[in-house]
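Every number in this text was worked out from the coordinates using simple rules, so none of it is lab data. Given the structure is predicted, the values throughout are model-derived calculations rather than measurements. Don't worry about glycine lacking a Cβ; one is built from the backbone with ideal geometry, like all the others, and counts go over all protein chains shown.
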Amino acid sequence: MVQTRSLIDEHGRRTDGRTMDELRNVKIQVGIVKNADGSAYIEFGKNRIIAAVYGPREVHPKHMAQPDRCVLRCRYHMSPFSTDTRKNPAPSRREVEISKVMREALEPALMLEDYPRAAIDVFVEVLQADGGSRCAGITAASVALADAGINMRDIVPACAAGKVDGKIVLDINDVEDKEGSADMPLAYMPHLERVTLLQLDGILNQEEFNECLDKALQGCKMIYEIQRRALIQKYFGDEQELKEES
Amino acid sequence: MQEIKRKYVVPGDRIVDGNFRPLSNVTKSGNSIFATRIGIAEATRDGIKVIPLSGVYIPRVNDVVIGKIIDHSSLSWQVDIRSCFSAHLPAQDVFGRDFSPARDDMNKQLAIGDLVTARIMAFDRTRDPMLTIQDKDLGKIPRGEFLKISATRVPRLIGKRGSMIQTIEQATQTRILIGQNGIVVVAGRSAEGTQLAIRAIRMVEEEAHTSNLTQRIKTLLNVPEPESTETISEQASPEGQKLEGSSSSIPEAEEQVQEEELEKGDKE
């Protein structure tokens, strides 16, 4: 018989000591890839991810160019050393999927019509993977896009919520993702109040879904504050508000 | 109307509510104006805008840019202006109306690899930028050290009415050409002067958003301290003119304004 361990202890603490609606530690640094037009590095729990943005730049191959708007191209990639067993560096089915959903999560936030006949390339490289790397990737990529000075309607934070041991918890980590019963990544534009990514792996009833959605939205709002602080720190230093001369 | 303060913004931030005209790098949604870039938001008499602090160069009509000839067809040169669009310089612009591809050798005027200062004559969403070199101070650049800075730092490098660039030019005995696309060419009489000017330009680029930058540049260049820091740029201008014609980067009126705004932001 398979012994399933408990993912939430009697005090309501999870495997990594977090409470039900606590995020992992999130740290974002802006502008770490000097060659790129914009970049960000994120530590999301044990995730370590670099996002780099190039563009708007010329489209190659030329036939991909759109006459009325910019082309957004995303590449999500996991390094061979990012997991405990070596990952084949060739793009897997999963990476192709995440590249696609990432593009679709970022596209609504960008004003692509401002850059016709051009392309924006977003590279997301996972150096160390923990659960929730697509959310961390989107979070880092949107900061990198803002750093690249691309016109954006909003910044996109992303965060997952899910069901573990019958309870709805925020920010699923690797163990909870594998052994828990549902995982729901969500990307959200906090100013526009629009969801740009919602996936669900597992089964939730209506009530659980609503709770999960609320938790994930709360998580996104918390992450947005971290993104904002990271950008302000890079561009304005410690001074958070512009001091006016009286 | 409510009082609007200058403030730091990131994309998506609400700048102000009410009936204001959106200018650059902002978007109007409902009754509010939101920022679309990282920068300093401010209200002018015309409307609301954000002075961006990052981003690649996007061409605008009437910008003076420095470009590199990368190719030519029988009727025009193709010029790399460090943007997502490559620019065209029509051969007729250089040879005149009676240009004939059979008779005139385009390589004689501008060869591949040459640098030119040019003005953007026409550009819109549907067409690549078209350049002209038929104006004062435009045309082929004969010599100099080439360097690239971020296009968002160009107004800061030029300074209030060209004060920053004049300070550097005088102290280092160089002539500095600046394109709106962030390409800078430094031509000097001595290698030391040129190197010093490059160091100063790099410093302006890296510390563009910090306060009291002009003072630190002067310290780097060993410019003697006048009684009042404000007067040096004013005194400097006539002398600057004598020096090999001085800077031919003609700062547009708008850039000056933008620079003044940036500088104001720095001091506050």
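Could you work out the mean count of beta carbons from other protein chains within 10 Å of each residue's beta carbon in B:50-59?
5
Going by average Cβ neighbours within 10 Å, how do the peptides B:34-41, B:10-17, A:18-25 rank, with the highest at the top?
Top of the packing list down: B:34-41, B:10-17, A:18-25.
Quick check on packing: order A:222-229, B:93-100 by the mean number of other C-beta atoms within 10 Å, highest mean leading. Intermediate results must be reported in sequence, preceding the final value.
Values: A:222-229: 19.8, B:93-100: 12.8.
The peptides rank, most packed first, as A:222-229, B:93-100.
Roughly speaking, what is the centre-to-centre gap between region A:167-202 and region B:191-208 when only Cα atoms are used, to the nearest Å?
Measuring centre to centre over Cα atoms gives 49 Å.
Counting only other chains, and only Cβ atoms inside 10 Å, what mean value do you get across the residues of A:140-152?
Whole-number average of other-chain Cβ neighbours for A:140-152 is 5.
Structure shown: which of A:K27/A:K163; A:K221/B:K49; B:K49/B:K218; B:K160/B:K218; B:K7/B:K49 lie over 21 Å apart, alpha-carbon to alpha-carbon? Each step should come with its number before you reach the end.
Numbers: A:K27/A:K163 25 Å; A:K221/B:K49 26 Å; B:K49/B:K218 31 Å; B:K160/B:K218 15 Å; B:K7/B:K49 11 Å.
Check vs 21 Å cut-off fails for A:K27/A:K163; A:K221/B:K49; B:K49/B:K218.
Over all residues in B:36-45, what is the mean tally of Cβ atoms on other chains that come within 10 Å of each residue's Cβ? Let's see the in-between values first.
Values: counts 10, 6, 13, 3, 3, 1, 1, 0, 0, 0.
Mean shielding by partner chains, rounded to a whole number: 4.
Which distance in nm do the two modelled labels at A:K100 and A:K34 give, with both placed 7 Å along the Cα-to-Cβ direction?
The two pseudo-label positions are separated by 3.9 nm.
Run the simple label-point estimate for B:A191 and B:Q92 please: 7 Å along Cα→C-beta, distance reported in nm.
Calculated label separation equals 4.7 nm.
Could I have the simple spin-label model distance between B:K148 and A:L127, label points 7 Å from Cα toward Cβ, reported in nm to one decimal?
2.5
Using the Karplus curve 6.51 cos²θ - 1.76 cosθ + 1.60 with θ = phi - 60°, what ³J(HN,Hα) values do you get for each residue of region A:177-182, in whole Hz, with x for Gly and Pro?
So the J values, rounded to whole Hz, are 5, 6, 9, x, 9, 7.
Just to verify a number: FRET efficiency for B:R161 and B:D124, C-beta to C-beta distance, R0 = 22 Å, to 0.05?
So, using R0 = 22 Å, E works out to roughly 0.10.
With +1 on each Lys and Arg Cβ and -1 on each Asp and Glu Cβ, how big is the dipole of region A:26-235 about its Cα centre, in debye rounded to the nearest 20?
Result for region A:26-235 is approximately 760 debye, rounded to the nearest 20.
So what is the calculated 222 nm ellipticity per residue for chain A, using -39500 (n - 2.57) for each DSSP H run with n of 4 or more, over all residues, to the nearest 500 deg cm²/dmol?
So the calculated ellipticity at 222 nm is -9000 deg cm²/dmol.
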